[in-house]
Structures are given as structure tokens and as C-alpha cells.
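Here is the structure we will look at.
The values are calculated or read from the model by the stated rules, or taken from the named source; none is laboratory data. As the structure is a prediction and not an experimental result, all values here were calculated from the model. Please note: Cβ atoms are built from the backbone with ideal geometry, for glycine as well, and neighbour counts cover all protein chains shown.
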Amino acid sequence: GFMKAAGRRGIPSCFVVDGEAKVAWVGHTMWLDTVLPDVMSGKYEASALGEKVKAGEKAQKAVFEKMQSDPKAAITAWEAFEKDYPGPGKIMESIKYMLYTQAEQFDKLFAFMGKQADEAIVAKDTMKLNEIAWMLVDPESQIQKPDLALALKAAEKANEFSKGEDPAIMDTLARVYWVKGDKTKAAETQAKAVELANKNEKYKAMAAELEERLKQYKGK
């Protein structure tokens with residue numbers, strides 16, 4: 001089919017067809033927003049589209065290379081990439097968690113996480129909210145002085161949207177209470193998480209780990 005004719009094996013692959021039913025560009029879906037306006041204008045050269053994407057890939061590569069040696073330079077490279085290639089930038093934006101943490105630019109990190117949490121609240125995305133809260137209170141996290149108000153907001157909303165029936169989310173909420181210094185609430189919430197995990201076959205595998213944390217919160 002199309003893939004074989006275009007010599008492409010990787011997925012996702014995207015074929016952009018112009019107004020004359022000619023294939024204008026073939027490539028990764030991430031770069032669709034980069035080439036589509038030119039194709040839709042009707043004034044484009046296929047080779048120029050390819051060069052435009054190559055330049056984007058080069059800018060993307062520069063971000064990853066700088067991450068290895070100079071986190072602050074990586075942020076500068078990322079901000080330029082995001083400005084020049086907003087479509088791919090949006091798709092890749094979760095890279096900011098790592099960029100800001102590595103560079104210890106925690107104000108930028110918390111602002112980004114807050115924006116992500118607000119979007120997740122609108123979408124009622126419990127998994128995303130739980131992930132944000134856990135990143136802030138994970139005992140293995142490299143985040144210094146985490147934004148606990150944001151962690152609490154994300155964990156409470158995740159618990160509300162899951163109707164208090166997801167032990168993994170309750171485990172996160174209990175951890176937030178614990179880090180905030182509310183040991184009583186941490187133990188109460190963790191006890192509910194353990195009870196839910198033991199009741200539901202889907203979560204039984206995590207029950208032992210939850211019980212260990214409950215012992216910690218109870219001071220045993």
C-alpha cells in the first residue's frame with residue numbers, strides 16, 4: 001500500500017495530499033502542523049516541506065543533546081523549538097518535567113504543572129492528576145520544596161472524580177497528607193486505600209505495598 005510505496009516502515013506515518021490529489025509530504029504525524037499550512041495555501045514545494053521538517057528535527061535533536069551536559073542551555077533550546085514549531089512542541093511538552101527538574105528551575109516547573117493540572121481538571125483526567133500529585137510527593141523525586149498546595153489540589157480532584165474508589169489515587173492523596181505533616185489524615189486515607197485494594201481483584205497486587213505505607217503513617 002501507501003507505506004510500501006513511500007518506503008516507510010515506522011508508524012505513525014502521515015500522508016499529506018494537496019488539492020490536486022498529489023502526495024505533497026510523507027512523514028511522522030508530529031510534523032503535520034508544520035507542513036499543512038503551506039500545502040493548504042496551494043503554494044508549496046515538496047522539497048521545501050522536507051527541509052522545513054529536517055530543520056525542526058535538527059532543533060529537536062539539539063534539545064536532547066544539551067540535556068546531557070547543560071540543562072539550562074537545553075531549556076533555551078527547547079523554548080526556541082517550541083516557539084518555532086508549536087505543533088510538535090505541544091505534543092512533546094511533557095519533556096518540560098525533566099528539563100525544569102534537571103535545571104532546578106522549580107518555579108517554571110510548578111507553573112507548568114499547574115497549567116497541566118487545570119487542563120486535567122477540565123478533562124476530568126484522573127490519571128494525569130494522580131501523576132502530577134505523585135511527582136510532587138514521590139519519595140524518590142528530585143524536586144526541591146515541592147508545591148504541596150498543587151499536589152493536594154490534584155490529588156483531591158483525582159479522588160473526587162474517581163468517587164473515592166481507586167486505591168492508587170487514595171494512596172497518592174495519603175502521601176500528600178503525610179508530606180504536608182497531617183499524619184492522622186494520611187493514616188485514615190491510606191487505611192481506606194488498603195481496604196479498597198483488598199476488596200478489588202484488580203488492585204490486590206498492590207495491597208501489600210499499601211499496607212507497608214500504612215504502617216509507616218501509623219508510626220509502626
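Odds and ends about this structure:
- Every pair of residues 6+ apart whose Cβ atoms lie under 6 Å, when the first sits in the stretch 177-196 and is assigned by TED's automatic domain parsing to the domain that holds E156 and within 10 Å of L214 (Cβ to Cβ) while the second is outside any helix (DSSP H, G or I) and among the small types (G, A, S): none
- Scanning the stretch 121-148 for residues that are among the hydrophobic types (A, V, I, L, M, F, W, C), under 20 Å from V179 (Cβ atoms) and at pLDDT 95 or above turns up L129, I132, A133, W134, M135, L136, V137, L148.
- For the stretch 96-142, taking the residues that are in a helix (DSSP H, G or I) and polar (S, T, N, Q), the one that is nearest to V63 (Cα to Cα) is identified as Q102.
- From the list Y44, Y97, the one residue that fits, being of a type in the set (S, T, Y), surrounded by 14 or more Cβ atoms within 10 Å (Cβ to Cβ) and touching a strand residue (DSSP E or B) at 6+ places or on another chain (Cβ under 7 Å), is Y44.
- Residues located in the stretch 29-55, provided they are outside any helix (DSSP H, G or I) and aromatic (F, W, Y): Y44
Okay, residues lined up against (1) more than 27 Å from E131 (Cα to Cα); (2) in contact with a Lys or Arg (Cβ under 9 Å, 6 or more places away or on another chain); (3) among the aromatic types (F, W, Y):
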| position | (1), (2), (3) |
| --- | --- |
| V16 | yes, no, no |
| A24 | yes, no, no |
| A62 | yes, no, no |
| Q68 | no, no, no |
| I75 | no, yes, no |
| D84 | yes, no, no |
| F110 | no, no, yes |
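- Within the stretch 9-19, the set of residues being more than 31 Å from the chain's Cα centre (by Cα) and assigned to a strand (DSSP E or B) comprises V17 only.
- Residues that are part of a helix (DSSP H, G or I) and more than 27 Å from the chain's Cα centre (by Cα), drawn from the stretch 174-191: K183, T184, K185, A187, E188, A191
- Checklist (1) closer than 30 Å to A149 by Cα; (2) assigned to a helix (DSSP H, G or I); (3) not assigned by TED's automatic domain parsing to the domain that holds E156 applied to E93, failing item: (2)
- Test set (1) without any contact (Cβ under 8 Å) to a residue 40 or more places away in the chain; (2) in the same structural domain as L136 (by TED's automatic domain parsing) - F110 fails condition number: (1)
- Scanning the stretch 154-173 for residues that are charged (D, E, K, R) and not in a helix (DSSP H, G or I) turns up K163, E165, D166.
- Single condition V194 does not satisfy, out of (1) farther than 20 Å from D118 by Cα; (2) of a type outside the set (F, W, Y); (3) not in a helix (DSSP H, G or I): (3)
- Some residue of the stretch 20-28 being in a loop (DSSP other than H, G, I, E, B) and at pLDDT below 85: yes
- Residue in the stretch 172-220 that is nearest to L150 (Cα to Cα), counting only those that are among the polar types (S, T, N, Q) and crowded, with 20+ Cβ neighbours inside 10 Å: T172
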